[in-house]
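The values are calculated or read from the model by the stated rules, or taken from the named source; none is laboratory data. Since the structure is predicted, the reported quantities are computational estimates derived from the model, not experimental observations. Don't worry about glycine lacking a Cβ; one is built from the backbone with ideal geometry, like all the others, and counts go over all protein chains shown. All accessible areas refer to the heavy atoms of the entire protein, side chains included, with ligands and DNA or RNA removed. Shrake-Rupley method; radii C 1.70, N 1.55, O 1.52, S 1.80 Å.
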Amino acid sequence: MKKEITKIVIKGKDINFSRAVLHVGNNNGITYMLTVFNPKGLNDFYQNDDISIVTREGEERNIVGTLGMGDESKALFYISGEPFPVTEVELRNYY
C-alpha cells in the first residue's frame, strides 16, 4: 500500500511539501507511515494530532499521526489505525 499525497492539513494549517507518501512499514509489526519531503510549516510537537490528507486519486482521509522524526528535508509521521487496506502480498513482505 503506497499512496501519493497531494494535500496535508494539520491543526487547520496547510503544510507545503515537494512530495508526500502514505505507506506501510515495519515497526514491530505493520505500521502506517506518512513521509513528507521538504516540508514547510511543520513544528516538532505533533503528538496524536488530527491530520487531513488527500491522495492523488482524490481520496480524503482524516488520520491521527505522531511526528517520529523530522527536519527541513524529510518528516516521518507514525499513523494510528488503518487508513487504507493492506494487501496480502504486503503482509507477507513484513512477516
Got at least one residue in region 53-74 being open to solvent by less than 30 Å² (accessible area, probe 1.4 Å), free of Cβ contacts under 8 Å to residues at least 60 places away in the same chain and not in a strand (DSSP E or B)?
no
Complete set of residues in region 60-78 that are among the hydrophobic types (A, V, I, L, M, F, W, C) and more than 20 Å from ASN16 (Cβ to Cβ)
VAL64
Can you pull out the residues in region 23-39 that are at pLDDT 85 or above, closer than 16 Å to ILE79 by Cβ and in contact with an Asp or Glu (Cβ under 8 Å, 6 or more places away or on another chain)?
TYR32, PRO39
